[in-house]
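**Q** Okay, handing you the structure first.
Any read-out appearing in this document is the output of simple, stated calculations on the displayed coordinates, not a laboratory observation. Given the structure is predicted, the values throughout are model-derived calculations rather than measurements. Note: ideal-geometry Cβ built from the backbone for every residue, glycine included; neighbour counts use all protein chains shown.
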């Protein structure tokens, strides 16, 4: 009985270690991505014009949603996904 309890506890701890290791790796990657983003922003901090190079370096994709027309007011949402950090709300 003690042996079974010990084995169950060992299995749970092994799974917990694997899960926490995966979370740690994810956090490390997030940190690297944020540092990369910061260095890019510093490089392009005060642009004088919007160039293709600037767009390709900083922006991953732009999603343009279908326009809506409510009460005579046209509204259209645009989502910008930046490299390394994603969409900023």
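**Q** Measuring from centroid to centroid over Cα atoms, what is the spacing of region 22-89 and region 1-20 in Å?
**A** First find each Cα centre; the distance between them is then 43 Å.
**Q** Out of every Cα pair in region 2-87, what percent are spaced more than 14 Å from each other?
**A** 78
**Q** In nm, to one decimal, how far is the residue 14 label point from the residue 49 one, both placed 7 Å along Cα→Cβ?
**A** Result for the modelled spin labels: 6.3 nm.
**Q** Please arrange 26, 3 by counting, for each residue, the other beta carbons lying within 10 Å of its beta carbon, fewest first.
**A** Starting with the residue having the fewest Cβ neighbours, the order is 3, 26.
**Q** Subtracting the Cα-Cα distance from 0.36 nm times the residue separation, let me have the gained length for residue 27 to residue 71 in nm, one decimal.
**A** 11.3 nm
**Q** Quick one: compute the contact order of the chain, relative version, from alpha carbon pairs under 8 angstrom and 6+ residues apart, as a percent.
**A** 22
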